[in-house]
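The values are calculated or read from the model by the stated rules, or taken from the named source; none is laboratory data. Given the structure is predicted, the values throughout are model-derived calculations rather than measurements. Neighbour counts are summed over all protein chains in view; Cβ atoms, including those assigned to glycine, are modelled from backbone coordinates with ideal geometry. SASA here: full protein model, heavy atoms, side chains in, ligands and nucleic acids out. Shrake-Rupley method; radii C 1.70, N 1.55, O 1.52, S 1.80 Å.
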Amino acid sequence: MRMLLPLPLRPPPPAARKLLPAAAQSQPALLRACRRTARFPPPSAAAEFPAGPVPGAGAQMPPRRRRTVAGIDQDDLLDPEALADPDSSFYEINGVRVHHKVCAHDDPGEQSSDHAVARTQIRLPVVLLHGFGASVFSWSRVMRPLARISGAKVLAFDRPAFGLTSRTGWSGDDTKPLNPYSMAFSVMATLAFIDQLGAGKAVLVGHSAGCPVAVEAYFEAPERVAALVLVAPAIFAPARKGDPDNGVGEQEGPEKDSDDSNAPPNLFSRIRGGFLGTCMWLAGLVLKVAMGVQDVVRALSCKVLVAFLRTSLAASLVRLVMDKFGVTGVRNAWYDPSKVTDHVVQGYTKPLRSRGWEKALLEYTISMITDTPKSKVPVSKRLSEISCPVLVVTGDTDRLVPASNAERLARAIPGATFEVIKNCGHLPQEEQAEEFISVIERFLQRASGTSDEQVFQAAV
């Protein structure tokens, strides 16, 4: 009887493996995968973990830091008209909404008891022109007293880029005939407000950078300006020359010796004269070329600077400067910085709440760089042409515009009156308002004379 022995199991040949089902071939791989996944809890075990967010997932990001400039929130800016006061008004000039305030004089019956005030009434309106970085707020303490002593309306307006006047874009194209940030626009606005007041002429009171506007308005229409009051004037006054040497610098050729005047010219002297003449001609040509290149470089540099001032980086720099030095600049403008109240600070920082204030300030700076005045002669050299009554007022401790410059300016204007207010800085109309009004009252009394019908005839 034959016994059957079990044969050893051998792996199928490669050809036979191809015939096996795919599931049988992948069985070892599936077992390895099961062993790996067995280390993790089954889906049913998820309930054993406490409910709630996974640590670190969905955590709230810290709130974004709000931008501020001089304490003014820059994330909630408004249109200028939304910041207007109850007594504010807006007058459109060439598409620009110009913010202004008007203060009317008191009832004549109330003034009859004040002989001094009634005596100095000039029956002419007054237009106030603020300085750089200021606004109508700068005149708030003196508008009503000026209306009383003038017997007429007093108007103050915000020049473009300052206060609450609308911020208008300007790119130098021809769609807008006049740059709203230029000197010409400020002059036009000044004369337009004189017309709005219904007066043939008015007294112009300028402070700091507002003084050039007042003077330019006078040169534009001298018959419209009855008198000028220049407060801490930002106008360069050239120093007077004591002994002008008119003979020096005139065309003077090389002097010839008297002994050689009758001597016949020799060949060497002719050659030397021709050589020197050629050298002088070449030097003049090189100088002209250099000046031309300098003008080209200056023009290119100006274009590059203007392009930079219209970038977002320049706007960020303006915000940084205003944040670091804006309020400090206001305090330094006073003789006693400790007297600068929160009300004053808020008055100067309020325009920073208007939308587009930094871009408007940059456009104003660009206008100062590229502006070409109508007259090629600078204002500082035309001061002697002013014939209307002029008062120059300054503080004795002005840190921005030295009192010495104001004194030179008064000397350069024929017949100008010069007044210095003691213990006062760059803002006499704010820091020493009562003394400021007294100085203007005395000036108007002297300038007006005694006849109301012949007020300021010299200015017409």
Exercise. In a shell of Cβ-Cβ distance under 11 Å around Met143, excluding Met143 itself, what net charge do Lys and Arg (+1) and Asp and Glu (-1) give?
Worked result: +4
For this session: Between Leu317 and Asp85, with labels modelled 7 Å along Cα→Cβ, what's the label distance in nm to one decimal, could you check?
Result: 3.4 nm
Exercise. Roughly how much of Met183 is accessible, in Å² to the nearest 10, using a 1.4 Å probe?
Worked result: 60 Å²
Exercise. Calculated FRET efficiency, Asp336 and Asp76, Cβ-Cβ r, R0 30 Å, to nearest 0.05?
Worked result: 0.30
For this session: Leaving ligands, DNA and RNA out of it, report the carbon-plus-sulfur percent of the accessible area of the range 335-437 at a 1.4 Å probe.
Result: 51 percent
Exercise. Once fully extended, how much extra length lies between Asp371 and Asp396, figured as 0.36 nm per residue of separation less the alpha-carbon to alpha-carbon distance?
Worked result: 5.8 nm
